[in-house]
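What follows draws every value from the coordinates through simple rules; no lab data is involved. None of these values were measured; they are calculated from a predicted model. Neighbour counts run over all protein chains shown; Cβ positions are idealised from the backbone, glycine included.
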Amino acid sequence: MVANANMKEASMDRLVSLCKRRGFIFQTNEIYGGLQGLYDYGPLGVELKNNLKQAWWNSIVFERDDVEGLDAAILTNPMVLRYSGHEDTFTDPLVDCKSCNSRWKEGNKKLDKCPSCGSKDLTDPRPFNLMFRTKVGPIEDEKSFAYLRPETAQQTFTNFKNVVDSTSRNLPFGIAQIGKAFRNEITPRNFIFRVRELEQMELEFFVKPGEDEKWHDAWIESRIEWWVDQGISKSNLKLYEVPQEELAHYSKRTVDIMYEFPHGEEELEGIANRTDFDLGSHTKNQEELNILSRVKGNQDSNARLAIQDKKTNKWLVPFVIEPAAGVDRGVLALLHESYKTERIKNGERNVLSLKPHLSPIKAAVIPLKKNNKELVDLATKLKSKLQEEKIGRVVVENTGNIGKSYRRHDEIGTPLCVTIDFKTLEEGTVTVRDRDTMDQFRISSEEIPGYFRKYLK
C-alpha cells in the first residue's frame, strides 16, 4: 500500500515537473510565493486547454442540431443563488486543528485526527460557505454585493427564456457553456484537480418530463465515447452510480465518469438528472405550472421559465440533463494518460502522445543547421505556408541540434517534425518524422500542406 502511494506521488511530481519545465502550467504569482489553489496556464498549457475546449464545443454545439451556445457573466445576483439553494447548501464541514492551526474539510468520514500533524485535538465541524462574495458599486453595504458564480449552470437557467425567445427552440434542446467558476475550497489539493478558480464545460439539456431517463442514459454513453475520442483509454474509465443519500438536493440520479488520476480514482465528469428543480426554482407563477420538484416559493422572478407544448398548448417546466466536466481535470487526465517514458536504441525518451487535434504545437519545422541562412529561410517560408492552412500552431525550431529538437517535441506532444536539410536545397524534399513511431520519410515540400491537412483531419 505504501509503495503504491509512493508511485502515485511520484507520478504526480513527474507531471508537475513536466508542466513547469515545458511551459504547460505554473503556480500563480510564484515570484511572491504563489497563491494556494490557483494556477496559470503557460504557452503550451493554454494551447492544450483551448484545444480541449474547442473539441468539446465542436462535439456539443457544432456537430449537433439541438444545442445553442452561451457565454454568461461571472458576477451573479445573490437572488439567483438563493433560489437555486446554493446559499443554504453550498457548504463543506470545516474542522480546525488546535495543535498546528491547519484547517481541513471533514469529508464523508468523520475526521478523527489532523492529516497534517496527527493531533486529535480538533474543533467540532462547522459549516463553511464555498462561495466568494464581492462588492459591487461605489457604496459598501449589505445590499451592494454579488457572488462569483460557483458553477456556470445557474446563469444558463436564468437565460432559458432569452434563448427560447431568440431561437424559437422547442424540446428537446440544450444550452452549452464553457466558463470560469469559483469555489473557496478549504483545502485545494492535487495540483489542478481541485482548485479555487476552475473552468467548466457544461451542457444543460432540456427535455419533456417522462423522457428524462432515456436522455440521461443517452448522454452517459455519449460522454464516455467523447473522452475515448480525446485519447482516454476506455479501460481507465468507470461509471459510478451516486448513492441516493449522496445525491445533490436537485438530483433524481447522477452518474459520474471516474478516472484513475495520479492521486487516485476520482470524478472526471458528472451526468446529472436535475429534474425540473432549476427552472422551477427560478420561474414566476410557480403555482400555475405543475412543478414536480420541491422548490422555494419565488416572488422575485419576472419571467416564466417554461415552454409551451405544441401538441397540447399546455405550459410545462422541462427536466434538465446536465453533463458537466471540469476543463482543468480534463487537462490533468490527458497529461497523465499520454505522458510516458519509452526505451529506445540509444537510451530512453519521454513522449506526450496526445491526439493530434489536442497537441499544443501541430508541427515543428527544423533547419538542420542553425546558422545556414538558406535553410533557415526555407524553414520560415514552410512554417508560414503551414500556418496559412489554419491547422493550429506551427513553430520553427532553430536550435541546431536535430536530436535534442526531436526529444523536446516528443515530450511536449508535437505530432510531426519537418526537417529542412541540404537535400531540400537540391531536390525540394523534406524529412517528416512521426512522434509516435519515430518513422521518417521524405516528401516534396510542395506536398507538405496537403499531407498535414489529411493527417490532422
Q. If pairing requires two Cys Cβ atoms under 4.7 Å apart, which cysteines of the chain are left without a partner?
A. CYS19, CYS417
Q: Give, as a single signed number, the net charge of other residues whose beta carbon lies under 15 Å from the beta carbon of LYS390, with Lys and Arg counted +1 and Asp and Glu -1.
A: +4
(Q) Could you work out how much longer the chain between ASN101 and ASP65 gets when fully extended? Use 0.36 nm per residue separation minus the Cα distance between them, nm to one decimal. (A) 7.6 nm
Q: For the stretch 61-171, state what percent of all Cα-Cα pairs lands in each successive 5 Å bin, counting from 0 Å until the bin that includes the largest distance.
A: 2, 10, 15, 13, 11, 12, 11, 10, 7, 4, 3, 1, 0
Q | Per-pair calculated FRET efficiency, R0 = 41 Å: ARG407 and TYR240 via Cβ, rounded to 0.05 | A | 0.60
Q: Within 10 Å, count the other beta carbons around each residue, average over each peptide in 170-177, 158-165, and list them highest first.
A: 170-177, 158-165
Q: Identify the GluC sites (Glu not before Pro) of the stretch 173-225 meeting these criteria: DSSP loop state and at most 11 other C-beta atoms within 10 Å of the C-beta.
A: none
Q.
Please list, short to long, the whole-number percent of alpha-carbon pairs of the stretch 361-455 in consecutive 10 angstrom bins beginning at zero.
A. 18, 56, 26, 0
Q: Using a 10 Å cut-off on Cβ atoms, rank the peptides 431-444, 358-371 from the highest mean neighbour count down.
A: 358-371, 431-444
Q | Separation in nanometres of the label points that stand 7 Å from Cα toward Cβ, at GLU221 and THR28 | A | 4.0
Q) Given the Cα atoms of the stretch 253-352, and with Rh set as the inverse mean 1/r over their pairs in the Kirkwood sense, what is Rg to Rh to two decimals? A) 1.32
Q. Relative contact order for the stretch 122-189 using alpha-carbon pairs under 8 Å, separation at least 6, rounded to a whole percent?
A. 38
Q | Quarter of the Cα convex hull surface for the stretch 223-267, i.e. its orientation-mean projected area (nm²) | A | 3.8
Q: Filter the GluC sites (Glu not before Pro) in the stretch 18-105 down to the DSSP loop ones having no more than 11 other Cβ atoms within 10 Å, then list what survives.
A: GLU63
Q: Work through the residues other than GLY428 whose Cβ is under 15 Å from its Cβ and net out their charges, Lys, Arg +1 and Asp, Glu -1.
A: -3
Q | Bridge type composition, the stretch 361-455 - antiparallel percent by DSSP, nearest 5 | A | 55
Q) For LYS370 and LYS314 in one chain, what is 0.36 nm times their gap in residues minus the Cα-Cα distance, to one decimal in nm? A) 12.9 nm
**Q.** trypsin sites (Lys or Arg not before Pro) within the stretch 12-103, DSSP loop, no more than 12 other Cβ atoms inside 10 Å
**A.** LYS98
Q: As a check on your grasp of the helix formula, calculate [θ] at 222 nm for the chain: sum -39500 (n - 2.57) over DSSP H runs of n ≥ 4, divide by the residue count, round to the nearest 500.
A: -9000 deg cm²/dmol
Q) In the neighborhood of ARG22, defined by Cβ-to-Cβ distances under 9 Å, what is the net charge if each Lys or Arg adds +1 and each Asp or Glu adds -1? A) +2
Q: Alpha carbons only, please: Rg and Dmax for the chain, in angstrom.
A: 25.7, 82
Q: Enumerate the lysines that LYS284 could reach by cross-link, defined here as Cα to Cα under 22 Å, with residues fewer than 8 away along the same chain left out.
A: LYS161, LYS208, LYS296, LYS310, LYS314
(Q) Within the stretch 47-76, list the residues whose amide N lies under 15 Å from a label point set 7 Å along Cα→Cβ of ASN162. (A) 68-76
